[in-house]
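The values are calculated or read from the model by the stated rules, or taken from the named source; none is laboratory data. Keep in mind that what you see is a predicted model, and the values were worked out from it rather than measured. Using ideal geometry, Cβ is built from the backbone for each residue, glycine included, and neighbour counts are taken over all protein chains shown. Note: areas computed on protein heavy atoms with side chains; ligands, DNA, RNA excluded. Shrake-Rupley method; radii C 1.70, N 1.55, O 1.52, S 1.80 Å.
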Amino acid sequence: MFSKLNVIDDRKTVSVEIDGHDVLCREGDTVAAVVMLHAARPYRHSILSGSERAPFCMMGICFECLIEIDDVPNQQGCLRRVEPGMRIRRQVGIAITSSERKPQL
């Protein structure tokens, strides 16, 4: 479904971790592109229906690319470039951060 063009690419190779697995990719690749190329499908699941979802627009409009990067949830993977040692985890739906949780009464 998603594949990389067979072109000469002289960018540096960097290593990132996706769901606990080391992956080699190219400097300048987006997190979303690397996850779609190297991780098992689906990219994520909808929090409402549980349906499989994947990045759609790849330019930050649709929010289908939400992913956890270096322990921070709800990052737009299509807008973030990979960095050496980056830890990436696919997430189910929209994660709620501790600052968004309401105290229980």
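So, of the residues in region 74-96 that are farther than 14 Å from V34 by Cα and not in a loop (DSSP other than H, G, I, E, B), which turns out to be modelled with the lowest pLDDT? Quick ask: steps written out before the conclusion?
Keep residues of region 74-96 that are farther than 14 Å from V34 by Cα, which gives 74-75, 91-96.
Still in the running and not in a loop (DSSP other than H, G, I, E, B): 74-75, 92.
Numbers: N74: 91, Q75: 95, V92: 69.
Once the filter is applied, the top-ranked residue is V92.
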Quick one: A40 ticks every box in (1) assigned to a strand (DSSP E or B); (2) closer than 18 Å to E64 by Cα; (3) of a type outside the set (D, E, K, R) bar one, so which box is it? (1)
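Working carefully through the options R89, R44, find the one that is touching a residue at least 60 places away in the same chain (Cβ under 8 Å) and within 11 Å of the chain's Cα centre (by Cα). Explain how you work it out, then say what you get.
Working: R44 fails: touching a residue at least 60 places away in the same chain (Cβ under 8 Å).
The conditions single out R89.
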Considering each residue of region 39-73, count those that are open to solvent by 40 Å² or more (accessible area, probe 1.4 Å), modelled with pLDDT of 90 or more and not hydrophobic (A, V, I, L, M, F, W, C), and give that number. 2
